[in-house]
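Input: a single structure, listed below in structure tokens.
The values are calculated or read from the model by the stated rules, or taken from the named source; none is laboratory data. Bear in mind the structure is a predicted one, so any value in this text is a computation, not a measurement. Note: ideal-geometry Cβ built from the backbone for every residue, glycine included; neighbour counts use all protein chains shown. The area values use the complete protein model at the heavy-atom level, side chains included, leaving out ligands, DNA and RNA. Shrake-Rupley method; radii C 1.70, N 1.55, O 1.52, S 1.80 Å.
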Amino acid sequence: MCFEYGAIITLGKKSLRQAITHFILPESTDLPEQIKPLLMILWQQYQATEEHYKAVTLQLKQWVTQSEPCKRLMKLEGVSHIGAAGLLACLGDGQGFKNGRHVAVFVGVTPKQHSSGGKVVMIGIDKHGGDKYLRSILYQGALSVISMLPVEAKTYKQQ
């Protein structure tokens with residue numbers, strides 16, 4: 001809305017907070033006076049949404065820390081409270097899957113495979129199958145683990 005009146009706000013919560021507090025000041029001439037009350041209402045709604053998000057995230061963390069299956073899932077490297085809750089919600093107790101490979105295919109974290117004439121070609125992770133949000137959370141967790149690995153591997157697991 002601010003952009004329609006020539007007021008540009010850079011990305012990020014900090015710059016949004018600074019810009020809005022500047023725009024709603026009585027002496028600010030960046031926006032028309034008729035827009036300032038509407039902007040104030042939108043800012044209050046944004047703040048309320050942020051508070052609700054924080055409360056729900058806190059409830060999720062508390063639930064996950066009390067759940068025994070989630071505690072076991074969080075022992076996996078790169079799996080935090082959101083990943084554990086997502087895995088538990090998506091997979092349940094895991095009884096519907098024959099093995100771990102079937103779970104990986106269901107979630108969508110296995111590489112795509114093209115095979116012909118005895119030649120196996122593995123491509124990257126297929127982005128069309130599985131739970132996209134859960135896959136992105138697990139991918140980010142894996143990246144965080146990989147980024148913390150030392151340059152020289154000290155154990156077999158770090159190779």
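A few comments on the model shown:
- FRET efficiency for V121 and S15, using Cβ-Cβ distance with R0 set to 41 Å, rounded to 0.05: 0.35
- Neighbour count of at most 15 Cβ within 10 Å plus DSSP loop: longest GluC sites (Glu not before Pro)-free window in the chain: 78-151
- Leading residue at positive end of dipole, the stretch 1-76 (Cβ point charges), from T10, I41, L60: L60
- Projecting the Cα positions of L134, S116, I146 onto the charge dipole of the stretch 86-159 (unit charges on Cβ atoms of Lys, Arg, Asp and Glu, taken about the Cα centre) puts S116 furthest along the positive direction.
- Most mobile listed residue (G83, G130, G96) in the chain, GNM with C-alpha springs under 10 Å: G96
- Residues whose amide H comes within less than 5 Å of that of K112, counting only those at least five positions distant or on another chain, are I123, G124, I125, D126 (H built at 1.01 Å from N in the peptide plane).
- Too-long pairs where the Cα-Cα distance tops 26 Å, listed order kept, from K75/K154; K54/K75; K71/K157; K132/K154: K132/K154
- Mean-square fluctuations from a GNM of the chain, with a 10 angstrom spring cutoff on Cα atoms, peak among K75, K61, K14 at K14.
- Helix-only CD estimate at 222 nm, as mean residue ellipticity for the chain, using -39500 (n - 2.57) per DSSP H run (n ≥ 4): -17500 deg cm²/dmol
- Ordered by 1.4 Å accessible area with all protein chains kept, V56, V79, V145, V151 run largest first as V151, V56, V145, V79.
- The loop-placed trypsin sites (Lys or Arg not before Pro) in the stretch 91-139, going by DSSP, that have at most 12 neighbouring Cβ atoms within 10 Å of their Cβ come out as K98, K127.
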